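The structure appears below as structure tokens.
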Amino acid sequence: MADQDATPVFQIQRMYLKDLSLEQPNSPQILLEQQQPQVDINLAMAAGGIAEGVYEVTVTATVTTKLVDRTLFLIEAKQAGIFEIRNVPEDQLQGILSIVCPQMIYPYLRAIVSDVCTRAGFPPIMLTEVNFQAMFEAQQAQAQNGNGSGVLSSAN
């Protein structure tokens, strides 16, 4: 009975960079090219329990920049957060993990990707804003159709 009357809890325990890689497989020769590169950005989100009422949520950005068929650079960054979420109805928990938590993590991921581009000697790539609610709803629709992937993709 005390659990039913308990106050909902939502706290950020920690934000951290979980993984980061930069590859420039065709450097230095490709750096002399004067063409406009093609940029492909893929985002993925994952969430899972790590203890009772404690969850890890990750947002991963994979940025691939190519000149014709050769890779100029590839960045993969995974930003994560640990969240304490207790006394929340089960039907609301998935929305919190898939919408609220990624919205808190994403600004850190955007800054990291931009910073890595600059430090690698390229103009910064600013990841666009993401509507995690629309992404969650699309995943729910795909899951109902038996094809849930959890990946959002865009090309510039």
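Every number in this text was worked out from the coordinates using simple rules, so none of it is lab data. Owing to the predicted nature of the structure, the values given are computational and were not obtained by experimental measurement. Methodologically, a virtual Cβ is constructed for each residue, glycine included, from the backbone with ideal geometry; neighbour enumeration extends over all protein chains shown.
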Exercise for review: Per DSSP H run of at least 4 residues, take -39500 (n - 2.57); add these up for the chain, divide by its residues and hand me the 222 nm value, nearest 500 deg cm²/dmol.
Suggested key: -7500 deg cm²/dmol
Review point. How high is the FRET efficiency from V54 to N26, r the C-beta distance, R0 41 Å, rounded to 0.05?
Key: 0.45
Review point. Relative to the first principal axis of the alpha-carbon coordinates of the chain, what is the inclination of helix 101-119, with its axis defined by its Cα atoms, in degrees from 0 to 90 and to the nearest 10?
Key: 20
Point to revise | Computed over segment 1-89, Kirkwood Rh from alpha-carbon pairs, angstrom | key: 16.0
Exercise for review: Report, to the nearest 10°, how far helix 132-144 tilts away from the longest principal axis of the Cα atoms in the chain, using its own Cα long axis and a range of 0 to 90°.
Suggested key: 80
Check your understanding: What is the list of residues in segment 6-33 whose amide nitrogen lies under 14 Å from a point 7 angstrom out from the Cα of R86, following Cα to Cβ?
Key -> 6-13
